[in-house]
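Data first, discussion second: the structure below is written as C-alpha coordinates.
The values are calculated or read from the model by the stated rules, or taken from the named source; none is laboratory data. Keep in mind it's a predicted model, so treat the numbers as computed, not measured. All Cβ positions, even for glycine, are placed from backbone atoms using ideal geometry, and neighbour counts span all protein chains on display. To get the accessible areas, we keep the full protein, side chains included, count just its heavy atoms, and leave off ligands, DNA and RNA. Shrake-Rupley method; radii C 1.70, N 1.55, O 1.52, S 1.80 Å.
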Amino acid sequence: MAAPGENLRINGERLWDSLMEMAKIGPGIAGGNNRQTLTDEDGEGRALFQKWCEAAGCEMGLDQMGNMFAWRAGEDPDALPVYVGSHLDTQPTGGKYDGVLGVLGGLEVIRSMNDLGIKTKHPVVVVNWTNEEGTRFAPAMLASGVFAGMHEQAWAYDRQDADGKSFGAELERIGWKGEEEVGARKMHAFFELHIEQGPILEAEGKDIGVVTHGQGLWWLEVTLTGKDAHTGSTPMNMRVNAGLGMARITEAVHRIAMEHQPNAVGAVGQANVYPNSRNVIPGKAVFTIDFRSPDLEKLTSMREKLEVEAARIAEELGLGIEIEPVGHFDPVTFDEGCVGAVRDAAERLGYSHLDIVSGAGHDACWINRVTPTAMVMCPCVDGLSHNEAEEISAEWARAGADVLFHAVVETAEI
Ligand code: HGY
Ligand code: MN
Ligand code: MN
Ligand code: MN
(Lines give C-alpha, C1' and ligand atoms only; values in the text may rest on other atoms or scores of the structure.)
(Ligands and ions follow the chains in the order given, each with its own letter.)
Protein backbone atom coordinates (compact mmCIF):
# COMPACT_ATOMS: atom_id res chain seq x y z
CA MET A 1 0.00 0.00 0.00
CA ALA A 2 1.26 3.44 -0.96
CA ALA A 3 1.95 5.80 1.92
CA PRO A 4 0.78 9.39 1.71
CA GLY A 5 3.55 11.92 1.04
CA GLU A 6 5.11 13.42 4.16
CA ASN A 7 3.89 16.86 3.13
CA LEU A 8 0.24 15.73 3.31
CA ARG A 9 -1.05 17.33 6.53
CA ILE A 10 -4.38 18.16 8.06
CA ASN A 11 -5.61 21.72 8.68
CA GLY A 12 -4.70 22.26 12.34
CA GLU A 13 -6.46 25.62 12.63
CA ARG A 14 -9.75 24.18 11.34
CA LEU A 15 -9.48 21.23 13.77
CA TRP A 16 -8.82 23.57 16.69
CA ASP A 17 -11.73 25.85 15.73
CA SER A 18 -14.05 22.83 15.57
CA LEU A 19 -12.89 21.66 19.01
CA MET A 20 -13.57 25.10 20.47
CA GLU A 21 -16.97 25.27 18.74
CA MET A 22 -18.01 21.86 20.10
CA ALA A 23 -16.78 22.86 23.57
CA LYS A 24 -19.46 25.59 23.66
CA ILE A 25 -22.12 22.87 23.85
CA GLY A 26 -22.73 21.60 27.39
CA PRO A 27 -20.23 23.93 29.11
CA GLY A 28 -19.02 22.93 32.57
CA ILE A 29 -18.80 25.33 35.50
CA ALA A 30 -14.99 25.56 35.38
CA GLY A 31 -14.06 25.80 31.71
CA GLY A 32 -14.58 22.17 30.73
CA ASN A 33 -17.67 20.31 29.59
CA ASN A 34 -20.72 18.60 31.05
CA ARG A 35 -22.21 16.96 27.95
CA GLN A 36 -23.30 13.66 29.48
CA THR A 37 -24.65 10.93 27.26
CA LEU A 38 -28.29 11.16 26.07
CA THR A 39 -28.83 14.59 27.62
CA ASP A 40 -30.17 17.48 25.54
CA GLU A 41 -26.60 18.79 25.35
CA ASP A 42 -25.45 15.45 23.89
CA GLY A 43 -28.25 15.81 21.34
CA GLU A 44 -27.04 19.30 20.43
CA GLY A 45 -23.45 18.09 20.03
CA ARG A 46 -24.64 15.27 17.78
CA ALA A 47 -26.58 17.71 15.61
CA LEU A 48 -23.55 19.96 15.19
CA PHE A 49 -21.35 16.96 14.32
CA GLN A 50 -23.94 15.75 11.77
CA LYS A 51 -24.15 19.22 10.20
CA TRP A 52 -20.35 19.32 9.78
CA CYS A 53 -20.24 15.79 8.33
CA GLU A 54 -22.96 16.57 5.81
CA ALA A 55 -21.14 19.78 4.84
CA ALA A 56 -18.10 17.56 4.18
CA GLY A 57 -20.19 15.46 1.79
CA CYS A 58 -20.66 12.44 4.06
CA GLU A 59 -23.71 10.18 4.05
CA MET A 60 -24.98 9.72 7.63
CA GLY A 61 -25.96 6.43 9.31
CA LEU A 62 -27.43 5.85 12.80
CA ASP A 63 -27.85 2.51 14.59
CA GLN A 64 -30.19 1.34 17.37
CA MET A 65 -27.70 2.35 20.08
CA GLY A 66 -27.40 5.86 18.65
CA ASN A 67 -23.93 5.24 17.21
CA MET A 68 -23.42 7.81 14.40
CA PHE A 69 -21.58 6.98 11.16
CA ALA A 70 -20.44 9.53 8.51
CA TRP A 71 -19.57 7.68 5.27
CA ARG A 72 -17.16 9.04 2.61
CA ALA A 73 -17.27 6.91 -0.55
CA GLY A 74 -14.24 4.96 -1.76
CA GLU A 75 -13.32 3.99 -5.31
CA ASP A 76 -14.26 0.36 -4.67
CA PRO A 77 -17.84 0.17 -3.38
CA ASP A 78 -17.30 -3.46 -2.30
CA ALA A 79 -14.24 -2.70 -0.18
CA LEU A 80 -14.90 -2.70 3.57
CA PRO A 81 -14.56 0.80 5.01
CA VAL A 82 -11.84 2.07 7.32
CA TYR A 83 -13.56 3.48 10.42
CA VAL A 84 -12.15 6.32 12.52
CA GLY A 85 -13.67 7.97 15.57
CA SER A 86 -14.31 8.08 19.30
CA HIS A 87 -17.03 9.67 21.52
CA LEU A 88 -18.65 13.09 22.03
CA ASP A 89 -20.16 12.40 25.47
CA THR A 90 -18.26 13.76 28.48
CA GLN A 91 -17.92 13.25 32.20
CA PRO A 92 -20.04 15.59 34.40
CA THR A 93 -16.82 17.53 35.09
CA GLY A 94 -15.11 16.56 31.87
CA GLY A 95 -12.58 18.22 29.61
CA LYS A 96 -12.95 19.60 26.08
CA TYR A 97 -10.81 16.93 24.41
CA ASP A 98 -11.48 13.46 25.93
CA GLY A 99 -13.22 11.63 23.08
CA VAL A 100 -14.02 14.82 21.16
CA LEU A 101 -10.50 15.03 19.70
CA GLY A 102 -10.98 11.57 18.22
CA VAL A 103 -14.34 12.31 16.62
CA LEU A 104 -13.37 15.75 15.26
CA GLY A 105 -9.91 14.43 14.35
CA GLY A 106 -11.71 11.82 12.24
CA LEU A 107 -13.84 14.55 10.65
CA GLU A 108 -10.64 16.52 9.93
CA VAL A 109 -9.29 13.46 8.09
CA ILE A 110 -12.36 13.58 5.82
CA ARG A 111 -12.15 17.38 5.39
CA SER A 112 -8.42 17.13 4.50
CA MET A 113 -9.04 14.28 2.05
CA ASN A 114 -11.61 16.55 0.37
CA ASP A 115 -9.23 19.55 0.31
CA LEU A 116 -6.40 17.46 -1.13
CA GLY A 117 -8.63 15.60 -3.61
CA ILE A 118 -7.57 12.28 -2.13
CA LYS A 119 -9.39 9.18 -3.36
CA THR A 120 -9.05 5.89 -1.52
CA LYS A 121 -10.00 2.36 -2.51
CA HIS A 122 -11.82 1.73 0.79
CA PRO A 123 -14.54 4.10 1.98
CA VAL A 124 -13.73 6.02 5.19
CA VAL A 125 -16.34 6.35 7.96
CA VAL A 126 -16.20 8.66 10.99
CA VAL A 127 -17.91 7.30 14.14
CA ASN A 128 -19.38 8.86 17.27
CA TRP A 129 -19.89 5.98 19.74
CA THR A 130 -22.72 6.51 22.24
CA ASN A 131 -22.02 6.51 26.01
CA GLU A 132 -18.30 5.84 26.11
CA GLU A 133 -17.98 7.37 29.57
CA GLY A 134 -20.39 5.08 31.37
CA THR A 135 -20.84 7.62 34.15
CA ARG A 136 -24.59 8.22 33.66
CA PHE A 137 -25.34 4.69 32.40
CA ALA A 138 -22.75 2.13 33.47
CA PRO A 139 -20.66 0.46 32.14
CA ALA A 140 -18.27 2.54 30.07
CA MET A 141 -17.98 1.90 26.32
CA LEU A 142 -21.59 0.64 26.40
CA ALA A 143 -22.58 1.18 22.75
CA SER A 144 -19.27 0.06 21.22
CA GLY A 145 -19.57 -2.96 23.52
CA VAL A 146 -22.99 -3.82 22.07
CA PHE A 147 -21.56 -3.25 18.57
CA ALA A 148 -18.72 -5.70 19.34
CA GLY A 149 -21.18 -8.28 20.70
CA MET A 150 -20.00 -7.96 24.32
CA HIS A 151 -23.36 -6.79 25.72
CA GLU A 152 -26.94 -7.66 24.75
CA GLN A 153 -28.79 -4.61 23.38
CA ALA A 154 -31.83 -5.24 25.62
CA TRP A 155 -29.56 -5.26 28.69
CA ALA A 156 -28.00 -1.99 27.55
CA TYR A 157 -31.44 -0.40 27.01
CA ASP A 158 -32.36 -1.28 30.61
CA ARG A 159 -29.31 0.40 32.20
CA GLN A 160 -30.57 3.11 34.53
CA ASP A 161 -29.18 6.45 35.65
CA ALA A 162 -29.34 7.81 39.22
CA ASP A 163 -32.86 9.12 38.54
CA GLY A 164 -34.12 5.74 37.37
CA LYS A 165 -34.27 6.80 33.71
CA SER A 166 -33.31 4.01 31.29
CA PHE A 167 -30.80 4.23 28.45
CA GLY A 168 -33.43 3.11 25.92
CA ALA A 169 -36.01 5.70 27.00
CA GLU A 170 -33.46 8.53 27.02
CA LEU A 171 -32.14 7.57 23.58
CA GLU A 172 -35.72 7.76 22.25
CA ARG A 173 -36.37 11.01 24.10
CA ILE A 174 -33.43 12.88 22.54
CA GLY A 175 -34.41 11.52 19.12
CA TRP A 176 -31.13 9.77 18.24
CA LYS A 177 -32.26 6.15 18.12
CA GLY A 178 -31.58 4.82 14.62
CA GLU A 179 -33.00 1.88 12.68
CA GLU A 180 -29.73 0.16 11.76
CA GLU A 181 -28.96 -3.15 13.45
CA VAL A 182 -26.04 -2.66 15.86
CA GLY A 183 -22.89 -4.44 14.70
CA ALA A 184 -24.20 -5.18 11.19
CA ARG A 185 -21.54 -2.89 9.73
CA LYS A 186 -18.31 -4.70 8.85
CA MET A 187 -15.00 -2.84 9.01
CA HIS A 188 -11.65 -3.13 7.27
CA ALA A 189 -9.94 -1.45 10.26
CA PHE A 190 -10.65 1.03 13.06
CA PHE A 191 -8.43 3.90 14.30
CA GLU A 192 -9.03 6.09 17.35
CA LEU A 193 -7.18 9.30 18.25
CA HIS A 194 -7.34 10.12 21.96
CA ILE A 195 -5.54 12.26 24.54
CA GLU A 196 -3.34 10.11 26.79
CA GLN A 197 -5.17 11.09 30.00
CA GLY A 198 -1.91 10.32 31.80
CA PRO A 199 1.52 12.01 32.31
CA ILE A 200 3.92 9.82 30.30
CA LEU A 201 4.05 11.48 26.84
CA GLU A 202 4.42 15.00 28.23
CA ALA A 203 7.04 13.88 30.77
CA GLU A 204 9.01 12.06 28.03
CA GLY A 205 8.65 15.03 25.65
CA LYS A 206 6.96 12.88 22.98
CA ASP A 207 4.41 14.16 20.45
CA ILE A 208 2.73 10.81 19.73
CA GLY A 209 1.77 7.71 21.71
CA VAL A 210 1.75 4.54 19.61
CA VAL A 211 -0.72 2.48 21.63
CA THR A 212 0.28 -1.19 21.62
CA HIS A 213 -1.98 -2.37 24.46
CA GLY A 214 -4.85 -1.28 26.70
CA GLN A 215 -5.31 -2.05 30.40
CA GLY A 216 -7.92 -4.57 31.45
CA LEU A 217 -10.65 -3.37 33.82
CA TRP A 218 -13.02 -4.57 36.52
CA TRP A 219 -15.91 -2.33 37.69
CA LEU A 220 -17.63 -3.71 40.81
CA GLU A 221 -20.65 -2.18 42.56
CA VAL A 222 -20.81 -2.87 46.32
CA THR A 223 -23.97 -2.56 48.43
CA LEU A 224 -23.57 -2.73 52.23
CA THR A 225 -26.65 -3.07 54.45
CA GLY A 226 -26.55 -2.03 58.12
CA LYS A 227 -29.08 -0.25 60.31
CA ASP A 228 -30.16 3.39 60.39
CA ALA A 229 -29.87 4.67 63.96
CA HIS A 230 -29.36 7.85 65.97
CA THR A 231 -25.77 9.14 65.84
CA GLY A 232 -26.12 10.57 69.34
CA SER A 233 -27.93 8.04 71.48
CA THR A 234 -26.81 4.73 69.94
CA PRO A 235 -23.93 3.14 71.93
CA MET A 236 -20.85 2.42 69.78
CA ASN A 237 -21.11 -1.34 70.30
CA MET A 238 -24.69 -1.38 69.01
CA ARG A 239 -23.99 0.29 65.68
CA VAL A 240 -24.27 -1.45 62.29
CA ASN A 241 -22.60 1.29 60.29
CA ALA A 242 -22.57 0.85 56.49
CA GLY A 243 -20.58 4.07 56.10
CA LEU A 244 -17.77 2.63 58.23
CA GLY A 245 -17.77 -0.50 56.08
CA MET A 246 -17.50 1.62 52.93
CA ALA A 247 -14.57 3.56 54.38
CA ARG A 248 -12.67 0.38 55.31
CA ILE A 249 -13.31 -1.27 51.93
CA THR A 250 -12.26 1.92 50.14
CA GLU A 251 -8.95 1.80 52.02
CA ALA A 252 -8.62 -1.90 51.15
CA VAL A 253 -9.07 -1.14 47.41
CA HIS A 254 -6.17 1.33 47.55
CA ARG A 255 -3.96 -0.99 49.63
CA ILE A 256 -4.60 -4.01 47.35
CA ALA A 257 -3.71 -1.95 44.25
CA MET A 258 -0.50 -0.81 45.96
CA GLU A 259 0.33 -4.44 46.82
CA HIS A 260 0.10 -5.27 43.09
CA GLN A 261 2.54 -2.62 41.88
CA PRO A 262 3.86 -1.90 39.30
CA ASN A 263 1.13 -1.31 36.69
CA ALA A 264 -1.99 -1.84 38.78
CA VAL A 265 -4.52 0.78 39.87
CA GLY A 266 -7.62 0.83 42.03
CA ALA A 267 -10.04 3.42 43.41
CA VAL A 268 -13.59 4.00 44.57
CA GLY A 269 -15.06 6.73 42.33
CA GLN A 270 -18.76 6.84 43.16
CA ALA A 271 -19.90 6.57 46.80
CA ASN A 272 -23.30 7.12 48.40
CA VAL A 273 -24.55 6.53 51.95
CA TYR A 274 -28.24 6.43 52.87
CA PRO A 275 -30.22 8.18 54.24
CA ASN A 276 -27.28 10.62 54.05
CA SER A 277 -28.47 12.63 57.04
CA ARG A 278 -26.05 14.29 59.48
CA ASN A 279 -27.46 12.60 62.55
CA VAL A 280 -28.32 9.15 61.19
CA ILE A 281 -25.83 6.27 61.19
CA PRO A 282 -25.96 5.14 57.54
CA GLY A 283 -27.86 1.89 57.22
CA LYS A 284 -26.86 1.54 53.59
CA ALA A 285 -23.85 2.31 51.40
CA VAL A 286 -23.54 1.84 47.63
CA PHE A 287 -20.17 2.45 45.94
CA THR A 288 -18.18 1.49 42.82
CA ILE A 289 -14.71 -0.03 42.59
CA ASP A 290 -12.49 0.47 39.52
CA PHE A 291 -9.50 -1.94 39.25
CA ARG A 292 -7.21 -1.88 36.18
CA SER A 293 -4.00 -3.53 35.02
CA PRO A 294 -2.38 -4.53 31.71
CA ASP A 295 -1.57 -7.83 33.47
CA LEU A 296 -4.57 -10.19 33.51
CA GLU A 297 -3.24 -12.16 36.49
CA LYS A 298 -2.91 -9.00 38.58
CA LEU A 299 -6.35 -7.79 37.52
CA THR A 300 -7.93 -11.08 38.58
CA SER A 301 -5.92 -11.23 41.81
CA MET A 302 -6.95 -7.70 42.86
CA ARG A 303 -10.63 -8.52 42.38
CA GLU A 304 -10.33 -11.84 44.25
CA LYS A 305 -8.38 -10.35 47.18
CA LEU A 306 -10.84 -7.47 47.47
CA GLU A 307 -13.85 -9.79 47.57
CA VAL A 308 -12.30 -11.83 50.42
CA GLU A 309 -11.34 -8.70 52.36
CA ALA A 310 -14.70 -7.01 51.82
CA ALA A 311 -16.54 -10.09 53.11
CA ARG A 312 -14.32 -10.11 56.23
CA ILE A 313 -14.95 -6.39 56.87
CA ALA A 314 -18.71 -6.82 56.40
CA GLU A 315 -18.79 -9.75 58.80
CA GLU A 316 -16.77 -7.88 61.44
CA LEU A 317 -19.25 -4.99 61.32
CA GLY A 318 -22.37 -7.15 61.03
CA LEU A 319 -23.18 -5.77 57.59
CA GLY A 320 -24.94 -7.44 54.67
CA ILE A 321 -22.85 -7.26 51.49
CA GLU A 322 -23.52 -7.66 47.77
CA ILE A 323 -20.81 -7.23 45.13
CA GLU A 324 -22.11 -6.91 41.54
CA PRO A 325 -19.65 -7.03 38.58
CA VAL A 326 -20.77 -4.07 36.43
CA GLY A 327 -18.10 -3.92 33.77
CA HIS A 328 -15.12 -5.93 32.62
CA PHE A 329 -12.70 -6.43 29.82
CA ASP A 330 -9.39 -8.28 29.66
CA PRO A 331 -6.19 -6.43 28.75
CA VAL A 332 -6.12 -5.57 25.04
CA THR A 333 -3.37 -6.12 22.44
CA PHE A 334 -3.97 -3.92 19.40
CA ASP A 335 -3.45 -5.11 15.81
CA GLU A 336 0.23 -5.13 14.82
CA GLY A 337 -0.47 -4.02 11.25
CA CYS A 338 -2.55 -1.03 12.34
CA VAL A 339 -0.12 -0.17 15.13
CA GLY A 340 2.65 -0.29 12.52
CA ALA A 341 0.72 2.14 10.29
CA VAL A 342 0.52 4.56 13.24
CA ARG A 343 4.24 4.21 14.09
CA ASP A 344 5.31 4.58 10.41
CA ALA A 345 3.11 7.66 10.04
CA ALA A 346 4.69 9.33 13.08
CA GLU A 347 8.14 8.46 11.72
CA ARG A 348 7.36 9.74 8.21
CA LEU A 349 5.90 12.98 9.56
CA GLY A 350 8.90 13.56 11.80
CA TYR A 351 6.98 13.40 15.08
CA SER A 352 8.68 11.98 18.18
CA HIS A 353 6.79 8.90 19.36
CA LEU A 354 6.70 6.33 22.12
CA ASP A 355 5.03 2.92 22.37
CA ILE A 356 2.53 3.14 25.21
CA VAL A 357 -0.15 1.14 27.06
CA SER A 358 -3.46 2.95 27.39
CA GLY A 359 -4.37 3.49 31.06
CA ALA A 360 -7.92 4.51 30.20
CA GLY A 361 -10.53 2.37 28.51
CA HIS A 362 -11.65 3.34 25.01
CA ASP A 363 -14.17 2.25 22.39
CA ALA A 364 -11.14 0.91 20.49
CA CYS A 365 -10.71 -1.70 23.27
CA TRP A 366 -14.01 -3.29 22.28
CA ILE A 367 -13.81 -2.70 18.52
CA ASN A 368 -10.42 -4.43 18.55
CA ARG A 369 -12.36 -7.64 19.12
CA VAL A 370 -14.18 -7.42 15.79
CA THR A 371 -11.70 -5.69 13.47
CA PRO A 372 -7.98 -4.78 13.29
CA THR A 373 -7.68 -1.70 15.51
CA ALA A 374 -5.08 0.79 16.72
CA MET A 375 -4.97 4.08 18.62
CA VAL A 376 -3.01 7.28 18.29
CA MET A 377 -2.41 9.29 21.46
CA CYS A 378 -1.31 12.86 22.06
CA PRO A 379 -0.06 14.28 25.38
CA CYS A 380 -2.24 16.29 27.74
CA VAL A 381 -1.06 18.95 30.21
CA ASP A 382 0.08 17.39 33.53
CA GLY A 383 -1.58 14.16 32.35
CA LEU A 384 -4.84 15.55 33.70
CA SER A 385 -8.22 14.30 32.43
CA HIS A 386 -11.74 13.69 33.79
CA ASN A 387 -11.23 17.17 35.18
CA GLU A 388 -12.50 20.44 33.67
CA ALA A 389 -8.93 21.75 33.61
CA GLU A 390 -7.99 19.11 31.00
CA GLU A 391 -5.78 20.87 28.41
CA ILE A 392 -3.80 20.10 25.26
CA SER A 393 -1.86 22.32 22.85
CA ALA A 394 -3.04 23.00 19.30
CA GLU A 395 0.30 21.51 18.15
CA TRP A 396 -0.39 18.25 19.97
CA ALA A 397 -3.87 18.12 18.43
CA ARG A 398 -2.43 18.75 14.97
CA ALA A 399 0.32 16.13 15.33
CA GLY A 400 -2.16 13.50 16.51
CA ALA A 401 -4.56 14.27 13.67
CA ASP A 402 -1.73 14.27 11.09
CA VAL A 403 -0.70 10.78 12.20
CA LEU A 404 -4.33 9.64 12.24
CA PHE A 405 -4.74 11.06 8.71
CA HIS A 406 -1.75 9.14 7.36
CA ALA A 407 -2.65 5.87 9.11
CA VAL A 408 -6.26 6.02 7.86
CA VAL A 409 -5.43 7.07 4.29
CA GLU A 410 -2.69 4.47 3.96
CA THR A 411 -4.92 1.68 5.31
CA ALA A 412 -7.78 2.85 3.05
CA GLU A 413 -5.30 2.60 0.16
CA ILE A 414 -4.78 6.01 -1.36
O1 HGY B 1 -13.20 4.78 32.18
C2 HGY B 1 -12.50 5.00 31.20
O3 HGY B 1 -11.38 4.56 31.16
C4 HGY B 1 -13.01 5.84 30.07
O5 HGY B 1 -12.56 7.15 30.25
N6 HGY B 1 -14.45 5.84 30.01
MN1 MN C 1 -12.49 8.95 26.30
MN1 MN D 1 -13.28 9.64 29.58
MN1 MN E 1 -7.13 -3.05 1.67
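Key figures
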read-out	value
From phi via Karplus (6.51, -1.76, 1.60), per-residue ³J(HN,Hα) for region 330-344 in Hz, x at Gly/Pro	5, x, 10, 10, 6, 5, 4, x, 5, 4, x, 5, 5, 5, 4
Where no second cysteine Cβ lies under 4.7 Å, the cysteines concerned in the chain	CYS338, CYS365, CYS378, CYS380
Reachable aspartates and glutamates, given that their alpha-carbon falls under 12 Å from the alpha-carbon of LYS119 and they are not under 8 places away in the same chain	GLU75, ASP76, GLU410, GLU413
Only Lys, Arg (+1) and Asp, Glu (-1) charged, at Cβ; region 114-188 dipole about Cα centre in debye	360 debye
Options ILE321, THR120, ALA156, ranked by Cα towards positive dipole end of the chain, top entry (Cβ charges)	ILE321
Relative contact order for the chain, counting Cα pairs under 8 Å that sit 6 or more residues apart, in percent	25 percent
Burial ranking of peptide ranges 188-199, 341-352, 398-409, 314-325 (average Cβ count within 10 Å, highest at the top)	398-409, 188-199, 341-352, 314-325
Placed amide H near GLN270: partners under 5 Å, 5+ positions off or other chain	THR288
Percentage relative contact order, region 338-391, counting C-alpha pairs under 8 Å, at least six apart	33 percent
For region 6-16, Karplus couplings with θ = phi - 60° (6.51, -1.76, 1.60), whole Hz, Gly/Pro x	4, 7, 6, 9, 7, 9, x, 5, 5, 4, 5
Heavy atoms of MET258: accessible area, 1.4 Å probe, square angstrom to 10	110 Å²
Electrostatic dipole magnitude of the chain [Cβ: Lys, Arg +1; Asp, Glu -1; Cα centre; debye, to 20]	760 debye
With Cα atoms, 0 to 90° folded angle of helix 296-317 axis to the chain main axis	20 degrees
